[in-house]
Structure formats: structure tokens, C-alpha cells
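In what follows, a structure is listed as C-alpha cells, so that the remarks can point back to it.
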2 protein chains.
Amino acid sequence: MAKITITDIAKQAGVAKSTVSRYLNGGSVSKKTRLKIDQVVKDADYKPNAFAQSLKKQTSHTIGVIVPRLDSFAQTEMLRGLDAANQDDILLILNTYQDDDLVQNAIEQVDILGLGGVILFATNLTPTIKDALHALDVPVVIQGQNDPAFARVIVDDNLAGSAIGHVAANSTNTLIISVDPQQDFEVGAVRYQAVTSQLTKHYDTVYADFSLATAKQVTTQALATTRYDTIIALSDLMAAGALQSLKNANVNVPEDTSVYGFGGTLISDLVSPNITTFAFDYFAVGQQLYHLFKQQQIKPEPTKIIIGGTLVNKQSN
Amino acid sequence: MAKITITDIAKQAGVAKSTVSRYLNGGSVSKKTRLKIDQVVKDADYKPNAFAQSLKKQTSHTIGVIVPRLDSFAQTEMLRGLDAANQDDILLILNTYQDDDLVQNAIEQVDILGLGGVILFATNLTPTIKDALHALDVPVVIQGQNDPAFARVIVDDNLAGSAIGHVAANSTNTLIISVDPQQDFEVGAVRYQAVTSQLTKHYDTVYADFSLATAKQVTTQALATTRYDTIIALSDLMAAGALQSLKNANVNVPEDTSVYGFGGTLISDLVSPNITTFAFDYFAVGQQLYHLFKQQQIKPEPTKIIIGGTLVNKQSN
DNA sequence: TTGTACGCGTTATCAA
DNA sequence: TTGATAACGCGTACAA
């Protein structure tokens, strides 16, 4: 297949290949030859060779999308938004499995594969990663971290944290399941502080790594010594972990303890009771990421786009 | 960046570019010039241009991985296995969102993008799709459907169905949540029949589409008229849907009704009670897919690889 | 062992 | 409007 080249078309149509090229790229062609080529191209099922095009144009229509993980509804939902907004690019997904070193590798691929740009779902913008990004001469857009040096799309963690914090403001003893700010500043610092700013009484903080297992474990440890009337986990999955721990400890939700999460993903509907959560519009984030990227191709500037969300009251509070 | 070409290296090293090319591809180079080029390449941070290489070689090291959906732990786990086994290829993920037409599009991309092969996660091998695959002149490996015309990796649905069916063999009234065999033959026919072959008493069958919502809905409908002591859903997510429906109907699990699922993914641990399920080793499936693909590159033949799994008893039965 | 010259498929330049 | 020709970066006969 696909062995038909522009030269074949030219021969069959009795014109020069440069004419065919012009025809294909909307250059000036007489009506007569246009019809001729039209015919030939159609029944030859000609498809231009992407390699040759990219080699010539010194750039490709492929965007590297660097994601920390795929087994997360937030990530896949953003990818769906990207796909939906995508006009005519190829999205090359590079999964880094939450490993910063693999992010480096992925960024290197940009040069090697001649990618036309990068969309990075960031959890941890280390200096090395930032340097590597700045060294690229293609458009870069990031998501997840609010770094003024980059064009970025973020969710409104201040709004989200405040909203949840506000509902739980009068809890007498709250447990917050957070993440290390060093590893995710937006969640571990911004979202966290938005929550605590609303709380009026005592609260404790424990740290997990976004996983179900760890969240469950740290919750169990915390419950060993203290009773909490409210648990706020900074992600839905971690909230699910807390839920399991509470169940093991025979604590009723929401009668004895209220539980809150963040994200509004399938997980919050999967567990029982369903988790009251702040739902972000991740699909919109994906769409905006693509639009922002296309805009960067035209005029690079560190624009910031914030996507909001809504508090969804379910059964866990 | 990446403007350094093989010619630049050649100039700086004072040799011909063909020598550099040989150096890069392991051809015969004298020790003297090798050291010279070594030096230059190193501090020039040279990276070969993938487009030029692919154009020349008429093939690329990029494999198109066509997946029906990304928001599924089974799929992402297989992708992880693929990544892990991957030696030196680029995996281009093409999400079809469970739309057969998009599968067609994806297969077309093979020619357009000059992909070196295809790995297809299949749910529904329509004649059109099969034709399109056969028309390709690159290696093709499929997963999910046991079609003797293709090299394939499948999970052992006979084993799995029998195992679950065996445990539930003596249930007096069983509800099976299946899927349309027209849409997924392996699950809707093979897995289904393996289950029913073990059942000794009465059973009803309802159909859903792999989603939580639909499974929940059809279960609720079924429960409206009948009481079941066992519900077998052909996937974990659908089992989760059944669980929610049962909860709404105030049916206790497992006291009143036992629930079974298939997959062994995170979902079975996320819901409460945890679902007793047949766990497939999807990671191994991914690894085998890659190895099988590499083998097809050397010697094409419709090999079949079957990956087993284990029955995991949890709390739902 | 090394270098020269050409071709992969496409686009761009420049005459005609 | 058209066509011949030169590039893009790389690999590889072939000759030296």
C-alpha cells in the first residue's frame, strides 16, 4: 500500500510533480489540469508520505502529550477533551508512570522524534524539567501546575478547596489527607491551604501519594488514636481509601464521620456511600489545553487559563 | 535544537558523512576515526532525524496501538505491559472511544503515518475491519478476540467463565449480566457460555454495554420482578453497577445475594463489599502482545497466546 | 577503511 | 500557469 507517490500521480496525469504538489497544497492550477489530477488522485487512493513532508517542512503535526499516569479518570478525561478539540494533529501519549526521570526522557523524545510541541500534565515541575522545557524550540503548554513561566491550564484549586473547606468549616476535629507539596504543589499546597483557611476548629494532616492503598493506610493509623468527625481527602481516590479504612473501623459514614473528596470522577460514584466531592470539568481542561497550544504556535506567551467546577453533594456528608 | 545533522558531525570530525553514518550504524570504521567521531558526537549532542531515517528505510519504529477506551483499568494495565516490554519502538495510542468507525480511521492512519505495525485491542471484529487489517502490509497483532486469521493474545475466557460458574453452580436463581455477542464475541459468547455451562439450576440473562450505569439499570429492572440469590456480571464494572442496584433495593450482599465479576481490576477493591472476581493478568497480556508483535515482524503467522488468571475470593459471595 | 554520488517523497525556487 | 531542479537528513551502492 501507500507506495503511490506524487511522482506516480504526475506521470499518470501527464504533468510535472511540482504541479501536483501545488495542486495538493492549494497553489495555482488551471481548471483543466485540476480536473485531470482530481481524477487520478481519486482512483489511485493517493496518500502523502508524512515522513517526507515532515522532513521537508522541518516540523511535524505530532504533539507529545506527557502524562504521569493513565489509570486515572482525571487524566483520561483530559485526554478525551484534547482528542475532541484536536483538529489535525497527532497526539503521541507518553506515559511517565509518575517518574520524574521518565519525564526527562519524554522531553528528549521531542527532538528525536521531531515533535511539533509538548503538552505536559505536570505533577512536579523540578528545575531540571523546567530547564529542559525551556530549551525546546517548540510550543509548550502545561497543566496541573501554576507556573508563570509557562502557558498553562489549571483547575481552580482555590475555589475548590474553599468550597469544601466552607462546608466542613464547623467540624470540631478534621483529618486532612494531603500529598507532599514537593511532589504536587498545586494540590499539596494551594488546594490544601484553601481548605484549611476555612476550617475554624482543630485539624490534623496526614500524607499519602494519591493511591488508594496508602490513603487507606495512613487513615487507619490516624484512626488508631483519634476520632474525627470529618475527613477531607485531596482526591477522590484517596477519599475512597479513607472510606475503606473507616468501614474497617466500624465507623459509619456519614453518621459518625463525613468524608469529602476532590475530582468528581467515576470513583466518587463507584463507592458507597457516594462521595461528596468538588467536581472539576476535566474535559474542558483538555479542550482548553489544545486551544492554548494552537495559540502558542502563533504567538507564544505564558497565558493562564483557569477551569472551574462545582461542589457536588452526594451521600458522604 | 536538533539542528545538528550528520553532515555537521562529518565536517567537524573531518570525515565524509557516509563514514559517520557507518559509525552510527555499526559499520566498519577504523579505531582512529571512531574515537574522533565519538568525541564530536558526544559534545554536539547529536540526535538522528527520525523523519529522514524513516523516509529512507520506508518504515518507522512506531507501532499504532488501537484501543477502544482509556478509562478502563484492563486497558491501561495492558498498555503498561506493552510499555514494559517495549524495547525500541514508539507506541502511538489511538483511542477509538468504542466507535467502530473510528477503528477504520485508525487503521487508515497506518498508511498515512507510515506506522510500522498495529496492535489492536478488539471488541468487535467486523468484516470491514478485518478486511482493512488484511490489506495492511505491516505486522498486525490483535487482543480480545480469538480470530484464527490473526496473531492474537487472549485471556482464558473458558477457564474464567467455568471457574466463576463452578462456584455459583448450585445457585437456585441466577442473574447474568452479559453483553451483546455481536459487540464482543469473546465476552458475550465464550465467557458467557463457559459460565452457563456450569450452572445447574435456573438463570436469567440481561444485557448491558460494559458501563456502570446500564448495568445498574438492567439490574434494577430485573429485580423489580424477581429475587436472585446470585448475580454474575461479565465484568467488574458491571458488577459494581449491580451492587449499587442491590443496595438501592435493600438487598444485602452477600447475605441475600452473591455477586461475581470478571477482571480483578481496582474496581473490585474499590466497592464494598469487594467483589469476588476472576482476575486476569492484563499486564502479562500487554507484554505478550509486544513480544508477539516483534515475532510477527520476523515471521508472520497467526499464533495464539492465551493468558490465564485466578479466581480471587473477596467479600461478595 | 574511506569517500562520492544518488535516491527516499516532498516542497520551494525560479525560469520559462 | 507550468516544469525542471535543488534541497530536507539519512543510508548505501560503488568506487577508490
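Every number here is computed from the coordinates shown, using simple stated rules; none is lab data. Everything quoted here is computed from the prediction, not taken from an experiment. All Cβ positions, even for glycine, are placed from backbone atoms using ideal geometry, and neighbour counts span all protein chains on display.
When the C-alpha to C-alpha distance is required to be over 26 Å, the pairs from A:Lys299/B:Lys11; A:Lys11/A:Lys31; B:Lys130/B:Lys299; A:Lys57/B:Lys17; A:Lys11/A:Lys32; A:Lys3/B:Lys3 that qualify are A:Lys299/B:Lys11; A:Lys3/B:Lys3. The convex hull of the Cα atoms of chain A, projected and averaged over all directions, covers 19.4 nm². For chain B, the relative contact order is 17 percent, taking Cα pairs closer than 8 Å that sit 6 or more residues apart in sequence and dividing their mean separation by the residue count. Taking every residue in B:72-80 and counting other chain Cβ atoms within 10 Å of its Cβ, the average works out to 3.
Which net charge results when you count Lys and Arg as +1 and Asp and Glu as -1 among the other residues whose beta-carbon is under 10 Å from that of A:Asp209? Could you put the intermediate results ahead of the total?
Numbers: positive: none; negative: A:Asp180, A:Asp184.
Cβ neighbours under 10 Å give a net charge of -2.
Shape analysis of region B:129-181 based on the Cα gyration tensor places the equivalent ellipsoid semi-axes at 35, 12, 6 Å, largest first. Kirkwood radius, region A:6-55, all distinct C-alpha pairs, inverse of mean reciprocal distance: 11.0 Å. Measuring from a point 7 Å out along Cα→Cβ, what nm distances, shortest first, does A:Gln217 have to its partners in the other copies? Result for A:Gln217, in nm, nearest copy first: 4.1. With both labels modelled 7 Å from their Cα along Cα-to-Cβ, the B:Lys56 to B:Glu301 distance reads 3.4 nm.
Indicate the gyration tensor shape class of the protein assembly as shown (rounded, prolate or oblate), computed on the Cα atoms with a ≥ b ≥ c the square roots of the eigenvalues: a/c under 1.5 is rounded; otherwise a/b larger than b/c is prolate and the rest oblate. Note, shape of the protein assembly as shown comes out oblate. Figure legend: label point modelled 7 angstrom from the Cα of A:Thr128 along Cα→Cβ; no residues of region A:206-250 have amide N under 18 Å from it. Here is how the number arises for chain B: DSSP H runs of 4 or more residues each give -39500 (n - 2.57), the sum is divided by the residue count, and the result at 222 nm is -13000 deg cm²/dmol.
Starting from the label point of A:Thr33 at 7 Å along Cα→Cβ, the same points in the other copies fall at 4.4 nm, in ascending order. Counting only lysines at least 8 places from A:Lys216 when in the same chain, those with an alpha carbon closer than 20 Å to its own are A:Lys247, B:Lys314.
Counted over region B:157-280 with a bin width of 5 Å, the fraction of Cα pairs per bin, in whole percents, is 2, 13, 25, 27, 22, 9, 1. For A:Thr205, the amide hydrogen comes within under 5 Å of the amide hydrogens of A:Ile176, counting only partners 5 or more places away or on other chains and with H modelled in the peptide plane. Which of B:Leu292, B:Ala249, B:Met78 sits farthest toward the positive end of the charge dipole of the protein assembly as shown, with +1 on the Cβ of Lys and Arg and -1 on the Cβ of Asp and Glu? Towards the positive end, the residue furthest out is B:Leu292. For B:Ser258, the amide hydrogen comes within under 5 Å of the amide hydrogens of B:Thr230, B:Ile231, counting only partners 5 or more places away or on other chains and with H modelled in the peptide plane.
Given A:Ser316, A:Leu102, B:Ser171, which one lies farthest toward the positive end of the charge dipole of the protein assembly as shown, if we put +1 on the Cβ of every Lys and Arg and -1 on the Cβ of every Asp and Glu? With unit charges placed on the Cβ atoms, the residue in question is A:Leu102. The orientation-averaged shadow of the Cα convex hull for region B:41-164, equal to a quarter of the hull surface, comes to 9.9 nm². Start at zero, step by 5 Å, and the Cα-Cα distances of region A:112-225 spread as 2, 11, 17, 18, 16, 12, 9, 7, 4, 2, 1, 0 percent across the bins. Net charge dipole, region A:1-148: roughly 1440 debye, given to the nearest 20, about the Cα centre with Cβ charges of +1 for Lys and Arg and -1 for Asp and Glu. About its Cα centre, the dipole of region B:157-280 is roughly 240 debye, where the only charges are +1 on Lys and Arg Cβ and -1 on Asp and Glu Cβ. Distances, shortest first, from the label point of B:Pro48 to those at the same position in the other copies read 2.6 nm; the point lies 7 Å along Cα to C-beta.
If you place +1 on the Cβ of every Lys and Arg and -1 on the Cβ of every Asp and Glu, how big does the dipole about the Cα centre of the protein assembly as shown come out, in debye to the nearest 20?
Values: 50 positive and 62 negative charges, 533 e Å.
About 2560 debye.
Picking from B:Gly27, A:Thr226, B:Pro127, whose Cα lies most toward the positive end of the charge dipole for the protein assembly as shown (charges on Cβ: Lys, Arg +1; Asp, Glu -1)? Value computed over the given set: B:Gly27.
When only alpha carbons are used to place a centre, region B:86-100 and region A:203-243 end up 36 Å from one another.
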